[in-house]
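Everything on this sheet refers to the single structure shown next.
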Amino acid sequence: MRRVRPGVLLAVFVVALLGWITLNSAATKTAGSKGLEAGDELPPFAMPLSTSTCRGRCDANVATKADQGAAGAKPACDVRGADVLNSCELAEDGPFVLAFVFEPVARCRAQVPVLEQAAARHPEVKFRIVAVRADAATARGLQSTLPVGYDHDGAVANEYAVVVCPTITYARAGGQVAGSTVGPLDEEALEHWVGRIER
């Protein structure tokens, strides 16, 4: 009887393992590829706006309670001010659209004027932009008419499961997540989503 060499057995095992990983990855829903989903809890955050006078390392606060170390010294919902973008405050003010972009990625920059035009048509909806892994100067570089916050260390993008640019989260009044979109949207597609949170 012919013996099978150990190297052949190892090769067969590796191929089988890779096949299983591929199938499992395809079948598994990963939040990181599609942002927050309808019904998800809105993660709280507070971050500096591009107009902020913050100097040095200005990371976002994602704490849900006091003394959470790197997440924040006090709850993010309590960090407010004229130069702060705060998710809890947005939720209190009514429905909002939160667009995560990476500067200077061209397709991200191209989404900004589409958001600005929609904001002009829907004054009752708050439109905000988050520049991921950016500082104040980079955020200002977007030159948007909309308020732009910056997520210096990417903590907020991580909480909102952002991987693809742009990722846009839509929330109804009170902070109920209606869903997210991944990738560039044209005016018609954006209007559809805005209509869903206006109700």
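The values are calculated or read from the model by the stated rules, or taken from the named source; none is laboratory data. Note that the structure is predicted; figures quoted are calculated from it, not measured. Positions of Cβ are generated from backbone atoms using ideal geometry, with glycine treated the same way; all protein chains shown enter the neighbour counts. Calculation scope for accessible area: heavy atoms of the full protein, side chains included, ligands and nucleic acids excluded. Shrake-Rupley method; radii C 1.70, N 1.55, O 1.52, S 1.80 Å.
At-a-glance table
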quantity	calculated
Enumeration of residues in segment 135-154 that are surrounded by fewer than 23 Cβ atoms within 10 Å (Cβ to Cβ) and out of contact with any Lys or Arg (no Cβ under 8 Å at 6 or more places or on another chain)	D135, A136, A137, T138, R140, G141, Q143, S144, T145
Filter result for T138 (assigned to a loop (DSSP other than H, G, I, E, B), within 14 Å of V112 (Cβ to Cβ) and of a type in the set (V, I, T))	no
Number of positions in segment 155-182 that are free of Cβ contacts under 8 Å to residues at least 24 places away in the same chain and loosely packed, with under 15 Cβ neighbours inside 10 Å	0
Exclusive hit being assigned to a loop (DSSP other than H, G, I, E, B), at pLDDT 75 or above and of a type in the set (A, V, I, L, M, F, W, C), set A70, A91, A63, A99	A63
Candidates R109, R80, R55, filtered to the one that is open to solvent by 10 Å² or more (accessible area, probe 1.4 Å) and free of Cβ contacts under 8 Å to residues at least 12 places away in the same chain	R55
